[in-house]
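Inspection log for the structure reproduced underneath, given as structure tokens.
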Amino acid sequence: MQLTKEDLINTFKSAREEDASFIFVGIEAEGVKEAIAVPLFSFDAKEQFYMNAYSDELVHVMNSKVRIFGLSFGGATAIHDII
């Protein structure tokens with residue numbers, strides 16, 4: 001299933017509603033996958049960054065070889081939802 005910007009918005013919204021400690025963002029860049037842990041105090045800034053830097057299909061606007069492939073939130077163990 002292809003994620004969209006709507007999924008990104010809903011993940012941040014749900015994480016705030018559930019007072020999650022982290023949002024995890026799976027990024028694939030030129031065949032290399034990584035998971036980024038965004039702590040609660042950075043939710044607003046990182047959400048704005050992702051909204052500006054990624055298309056509706058969650059492909060980076062300046063490098064089509066970079067995309068968001070996974071989203072999760074919760075405690076530290078929620079990272080396992082995307083890796």
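Odds and ends about this structure:
- Counting only residues that are surrounded by 12 or more Cβ atoms within 10 Å (Cβ to Cβ) and without any contact (Cβ under 8 Å) to a residue 24 or more places away in the chain, region 14-33 holds 0 of them.
- Pairing each residue of region 51-76 that is among the polar types (S, T, N, Q) with any residue that is at pLDDT 95 or above and surrounded by 18 or more Cβ atoms within 10 Å (Cβ to Cβ), provided the two are 6+ apart or on different chains, yields C-beta distances under 6 Å for Ser72/Phe24.
For every residue, the table says whether it meets (1) closer than 15 Å to Leu3 by Cα; (2) of a type outside the set (A, V, I, L, M, F, W, C); (3) touching a helix residue (DSSP H, G or I) at 6+ places or on another chain (Cβ under 9 Å).
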{"residue": "Asp44", "(1), (2), (3)": "no, yes, yes"}
{"residue": "Tyr50", "(1), (2), (3)": "yes, yes, yes"}
{"residue": "Leu58", "(1), (2), (3)": "yes, no, yes"}
{"residue": "Leu71", "(1), (2), (3)": "yes, no, yes"}
{"residue": "Thr77", "(1), (2), (3)": "no, yes, no"}
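- Single residue of region 19-50 satisfying the filter (of a type in the set (D, E, K, R) and touching a strand residue (DSSP E or B) at 6+ places or on another chain (Cβ under 7 Å)) that is farthest from Val66 (Cα to Cα): Lys46
The values are calculated or read from the model by the stated rules, or taken from the named source; none is laboratory data. Please read these numbers as outputs of a predicted model, since none were measured by experiment. Glycine gets a Cβ as well: all are built from the backbone with ideal geometry, and neighbour counts include every protein chain shown.
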